[in-house]
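What follows is a single structure, written as structure tokens, with notes after it.
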Amino acid sequence: MGFKQQVLEGIPEHLPAPKLYDNSINHAPIRKDILSIEEKKLALQNALRYFDKKYHGVLIEEFKSELETYGRIYMYRFRPDYKMYARPIDEYPAKSKQAAAIMLMIQNNLDYAVAQHPHELITYGGNGGVFSNWAQYRLTMKYLAEMNDEQTLVMYSGHPMGLFPSHKEAPRVVVTNGMMIPNYSKPDDWEKYNALGVTQYGQMTAGSYMYIGPQGIVHGTTITVLNGFRKIGKSPKGNLFVTSGLGGMSGAQPKAGNIAGCITVCAEVNPKITQVRLDQGWIDEKITDLDALVLRVHKAKAEKETISIAYLGNIVDVWEKFDEANIHIDLGSDQTSLHNPWAGGYYPVSLSFEASNKMMAEQPELFKEKVQESLRRQVNAINKHTKKGTYFFDYGNAFLLEASRAGADVMSNTPSIGREFKYPSYVQDIMGPMCFDYGFGPFRWVCASGNPKDLEKTDKIACQVLEKLMETAPKEIQQQMADNIQWIKGAQDNKLVVGSQARILYADAEGRVKIAEAFNNAIKNNDIEYVVLGRDHHDVSGTDSPYRETSNIYDGSRFTADMAIHNVIGDSFRGATWVSIHNGGGVGWGEVINGGFGMVLDGSIEADKRLKQMLFWDVNNGISRRSWARNEGAIFAIKRAMESEPNLNVTLPHIVDDELLNGLELK
């Protein structure tokens, strides 16, 4: 049976043969045994409801084995036989081109070159799932193939609820992931309800079908590293950036360091993913010995090299060894998945990779103790370096939050609202005031033809648009414009594509609209084929996350989630092809609400209208919220937006004099 026939089949009429567990693939860690006996029966009932009753006798034993062995029911038997990758849009058996574009994006998220744990349908972050099981994938692809442009597919945390009547201007798909009642949003709640098969952790772009491989975070990390060095008054050349994590998104860090021009040392405990990054060219060298690492860094500093080095081992050892060897670290951070610290997101220094995987499944409470002990030790080493002048920042992975919960020495001696930790979030000091407040965030597009020539053409179009806009851009955003023009000019040479023919750059509302408009015109003129627009949720408006995206909001509202909800609602009726809203992201389940969208450009007048309506709102909703929080850059940006659009009228804050507040005697 060919690809199209398998897609149209959905849940197979006849049971496919069981599939062997492939040890050559990077698999998700075994999840802890958290369900009661009755709950395990419920999990089996939930899984079997996808299949004809005549197969229940066979499948119940198989699913029971998966649940007991892996802590989840993945339905490995139902993995498709065809290769998983983003095919050209015309190769999908779809009645709707919009639906075909979504199928393309789903398959890209599960491409073996893109996904962290492809057989468990996890794209990145250790638990960021596109679906919970293979039945959900098969059924979703079938619905998308059958869909017409007057239907909307409703997705409940990986489960396709079904096709519902709507209209041409409605989203083709509406996605929710992990939208729990607040009192049931702790880490163990995810473990339990995910094991039951009734919710999933969509991360950010994993469960919303908009991941483009590590390129997205390569760009964000490049901008962060460049601005980090600017902040400390140093050139990246010959200076050292130390971090950790090569799995999923964090694999982008060494590549970003190379583009920025510094020396990068990135530690990783997983030998498989380290080798993958080496084979992909995302790291230049792999070192397994600490003494050899010290010698290599000395050489790189002396010769002012631009180089990325992976240390196969624990980051705690690196921090401690560099302190002992008196190697000066200029920038320091951490990108391990501490949103998921107890299930493979962070590996303690006292245990091997294999021993950690065994303990987290069999002795979860002891494993938690080991993780927290390791965090305390890591922070102690970091503190020694910062006393020597290292600039350390939290890279939005909940490192400081989990370190504080472990009792590590990360709290500020003079805390203020929003500045509880002694080290800032990168959003607080870098991305927030320099980018998000001005409306700059991760705009991305995918060439649905799969043709590299289309991507090359879109790169040139985007560059021309930005260069034109820069001619009249105010001085406040000249640096952001220049960085992104430099980025897009080097994008082809840096070989950033993994999976789909995709690109990302940071742009404000004006830039996004103008670039999208130019793409749509190029499609209309048959210069390029369809383009899918999107963004990371890690953006100006998409995410309410008090320890990351909204950490530089100091009016007390950073723990509210109105912005993300409004953003998705607004996107849905202004023309998005699909929208998504998630509980959980890069900082953890219960710690963030984030929303995203996808939009298909087809060269039509309708697409031109939709892109202008939706992209303007998608950015300026967040700028207005940041402006109301009295963020200086956002006040400037929203005033500029109101000047450009007569129908925009936003409430502006009145600023209270500090002297008036300081003179008060409060009880």
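Some observations on this one:
- So I34, is it in contact with a Ser or Thr (Cβ under 8 Å, 6 or more places away or on another chain), in contact (Cβ under 8 Å) with a residue 40 or more places away in the chain, open to solvent by 20 Å² or more (accessible area, probe 1.4 Å) and more than 30 Å from S449 (Cα to Cα): no
- The number of residues in the range 169-185 that are more than 21 Å from M204 (Cα to Cα) and free of Cβ contacts under 8 Å to residues at least 60 places away in the same chain comes to 1.
Residue-wise test of (1) touching a Cys at 6+ places or on another chain (Cβ under 9 Å); (2) farther than 23 Å from G585 by Cβ; (3) in a helix (DSSP H, G or I).
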| site | (1), (2), (3) |
| --- | --- |
| S132 | no, no, no |
| R138 | no, yes, yes |
| L144 | no, yes, yes |
| D188 | no, no, yes |
| Y201 | no, no, no |
| M204 | no, no, no |
| V218 | no, no, yes |
| R230 | no, yes, yes |
| G238 | yes, yes, no |
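- Put simply, of P88, P80 the only residue that is open to solvent by less than 20 Å² (accessible area, probe 1.4 Å) and at pLDDT 95 or above is P80.
- A count restricted to the range 278-314 and to residues that are over 20 Å from V349 (Cα atoms), hydrophobic (A, V, I, L, M, F, W, C), open to solvent by 30 Å² or more (accessible area, probe 1.4 Å) and at pLDDT 95 or above stands at 2.
- Total residues in the range 497-554, condition open to solvent by 20 Å² or more (accessible area, probe 1.4 Å), among the polar types (S, T, N, Q) and within 24 Å of I477 (Cβ to Cβ): 0
- Candidates are the residues of the range 1-13 that are open to solvent by 90 Å² or more (accessible area, probe 1.4 Å) and at pLDDT below 95; the one that is nearest to E91 (Cα to Cα) is M1.
Residue-wise test of (1) over 23 Å from the mean Cα position of the chain (by Cα); (2) at pLDDT 95 or above; (3) assigned to a helix (DSSP H, G or I).
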position	(1), (2), (3)
G389	yes, yes, no
G407	yes, yes, no
Q428	no, no, yes
P433	no, no, yes
P442	no, no, no
S449	yes, yes, no
V465	yes, yes, yes
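- All positions within the range 617-658 that are open to solvent by 20 Å² or more (accessible area, probe 1.4 Å), more than 18 Å from D544 (Cβ to Cβ) and either among the polar types (S, T, N, Q) or in contact with an Asp or Glu (Cβ under 7 Å, 6 or more places away or on another chain) (or both): F636, S644, N647, N649, T651
- Per the conditions (1) within 20 Å of the chain's Cα centre (by Cα); (2) over 21 Å from K255 (Cβ atoms); (3) among the polar types (S, T, N, Q), the sole criterion not satisfied by N526 is (1).
- Failed item in (1) of a type outside the set (D, E); (2) closer than 29 Å to C447 by Cα; (3) touching a helix residue (DSSP H, G or I) at 6+ places or on another chain (Cβ under 7 Å), with G596 passing the rest: (3)
- Qualifying position, being in contact (Cβ under 8 Å) with a residue 40 or more places away in the chain, over 29 Å from the mean Cα position of the chain (by Cα) and surrounded by 15 or more Cβ atoms within 10 Å (Cβ to Cβ), among D323, D317: D323
- Residues of the range 357-373 classified as under 25 Å from the mean Cα position of the chain (by Cα) and open to solvent by less than 20 Å² (accessible area, probe 1.4 Å), total: 2
- D459 being modelled with pLDDT of 95 or more and either of a type in the set (K, R) or out of contact with any His (no Cβ under 6 Å at 6 or more places or on another chain) (or both): yes
- Check on R512, closer than 17 Å to A641 by Cα and either in a strand (DSSP E or B) or in contact with a strand residue (DSSP E or B) (Cβ under 6 Å, 6 or more places away or on another chain) (or both): yes
- Test: residue in the range 277-294 that is polar (S, T, N, Q) and within 21 Å of the chain's Cα centre (by Cα): yes
- Filter result for L104 (assigned to a helix (DSSP H, G or I) and open to solvent by less than 10 Å² (accessible area, probe 1.4 Å)): yes
- Among the candidates V587, V656, residue that is within 20 Å of T205 (Cβ to Cβ) and either of a type in the set (A, V, I, L, M, F, W, C) or touching a Cys at 6+ places or on another chain (Cβ under 8 Å) (or both): V587
- Any hit, the range 524-539, residues being of a type in the set (K, R) and closer than 27 Å to A100 by Cα: yes
- Options G575, G596, G603, G633: the member that is under 25 Å from I181 (Cα atoms) and either small (G, A, S) or in contact (Cβ under 8 Å) with a residue 40 or more places away in the chain (or both): G596
- Of the residues making up the range 482-498, those that are part of a helix (DSSP H, G or I) and either touching a strand residue (DSSP E or B) at 6+ places or on another chain (Cβ under 7 Å) or charged (D, E, K, R) (or both) number 5.
- When T176 is tested against (1) open to solvent by less than 10 Å² (accessible area, probe 1.4 Å); (2) assigned to a strand (DSSP E or B), exactly one condition is not met: (1).
- Test: residue in the range 227-246 that is within 30 Å of V154 (Cα to Cα), hydroxyl-bearing (S, T, Y), modelled with pLDDT of 95 or more and crowded, with 24+ Cβ neighbours inside 10 Å: no
- Restricting I382, I329 to residues that are at pLDDT 95 or above, among the β-branched types (V, I, T) and outside any loop (DSSP other than H, G, I, E, B) narrows the list to I382.
- Tally, over the range 37-70, of residues that are part of a helix (DSSP H, G or I), without any contact (Cβ under 8 Å) to a residue 12 or more places away in the chain and basic (K, R): 3
- Conditions (1) in contact (Cβ under 8 Å) with a residue 24 or more places away in the chain; (2) charged (D, E, K, R); (3) within 17 Å of D459 (Cβ to Cβ): number failed by D493: (1)
- G332 being in contact (Cβ under 8 Å) with a residue 12 or more places away in the chain and either surrounded by 24 or more Cβ atoms within 10 Å (Cβ to Cβ) or under 25 Å from the mean Cα position of the chain (by Cα) (or both): yes
- Condition check for K272: among the charged types (D, E, K, R) and open to solvent by less than 50 Å² (accessible area, probe 1.4 Å): no
The values are calculated or read from the model by the stated rules, or taken from the named source; none is laboratory data. All figures in this text were calculated on a predicted structure; none of them were measured in a lab. Heads up, the Cβs are rebuilt from the backbone with ideal geometry, glycines too, and the neighbour counts pull from every protein chain shown. All accessible areas refer to the heavy atoms of the entire protein, side chains included, with ligands and DNA or RNA removed. Shrake-Rupley method; radii C 1.70, N 1.55, O 1.52, S 1.80 Å.
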